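Visitor: My questions all concern the structure below.
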Amino acid sequence: MTVTRQAAEADIPELVHLRALLFETLGGEFFNPSPAEQGWRDALATVLVGHLSAPDVHVLVVDGTGGGLAACGIGVVEQRLPSPHLPNGRVGTVLGVITEPAHRRRGHSRAIMTGLLDWFAGRDVARVDLHASPEGEPLYRALGFADHPDPALYWRP
C-alpha cells in the first residue's frame, strides 16, 4: 500500500525536480521551454517555501526507496465568485501529479489523488479541475473526472 505524506521544506529540491520532469514528460515548447528560460525553477523553490504551510495549498508526496521522492501532487483551493454552478465559489485545482519513471505503475498517483480529493472535500470545494496527460487520463476518469463543459483559453501579456 502506498503511503502519502504532506511535503516538508526539505523536500523542495525534489519537488522542483519532479515538477520539471512533469513538463519534460508533457513535451513541446509550451511545457518544456529552452534551457535559457530555466529561472522558473528558482522561483518555484521560493514560492514552495511559503505554500507548504498555506491553508489552501496541499502538497502530497510518496517517499522513494533509497531516498528522494517517488511521486508528488499539488492541490490548491481558490475562492472565486459564487455562481449557479459554483454556489460557494470554491474551486480546487490539481496542479500536477508526477511519478518518477522507476516508480510508476505502483499506485502512487492514485494514492496522491485520493488524498488530494479527500483534502478538497474537507475544504468544501464545489468543483475540482485538472489538466490530464494522455497517460493520466484513465486514472482521473476512474476517479470520477469528466470533460469540462467550459472552453479553455489563455492569454499571455
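Visitor: Taking the range 99-150 on its own, how many of its residues are open to solvent by less than 50 Å² (accessible area, probe 1.4 Å), farther than 26 Å from Leu81 by Cβ and of a type in the set (D, E, K, R)?
Guide: Summing the residues that are open to solvent by less than 50 Å² (accessible area, probe 1.4 Å), farther than 26 Å from Leu81 by Cβ and of a type in the set (D, E, K, R) in the range 99-150 gives 1.
Here is a yes/no grid of residues against (1) under 17 Å from Leu143 (Cβ atoms); (2) exposed (fewer than 14 other Cβ atoms within 10 Å of the Cβ):
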| position | (1), (2) |
| --- | --- |
| Ala43 | no, yes |
| Thr46 | no, yes |
| Val49 | no, yes |
| Ala54 | no, yes |
| Val59 | no, no |
| Gly73 | yes, no |
| His85 | no, yes |
| Gly96 | yes, no |
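Visitor: Here is a follow-up. Please determine whether any residue of the range 137-145 is in contact with a Pro (Cβ under 7 Å, 6 or more places away or on another chain), farther than 20 Å from Leu44 by Cβ and not polar (S, T, N, Q).
Guide: The answer is no; no qualifying residue exists.
Visitor: Right, something else. Enumerate the strands (runs of 3 or more DSSP E) found wholly within the range 47-157, keeping only those where 3 or more residues are farther than 19 Å from Leu18 by Cα.
Guide: Passing ranges, in order: 69-79, 90-99, 127-130.
The values are calculated or read from the model by the stated rules, or taken from the named source; none is laboratory data. Remember, predicted model here, so these are calculated numbers, not experimental data. Here the Cβ is made from the backbone with ideal geometry for all residues, glycine too, and neighbour counts use every protein chain on show. To get the accessible areas, we keep the full protein, side chains included, count just its heavy atoms, and leave off ligands, DNA and RNA. Shrake-Rupley method; radii C 1.70, N 1.55, O 1.52, S 1.80 Å.
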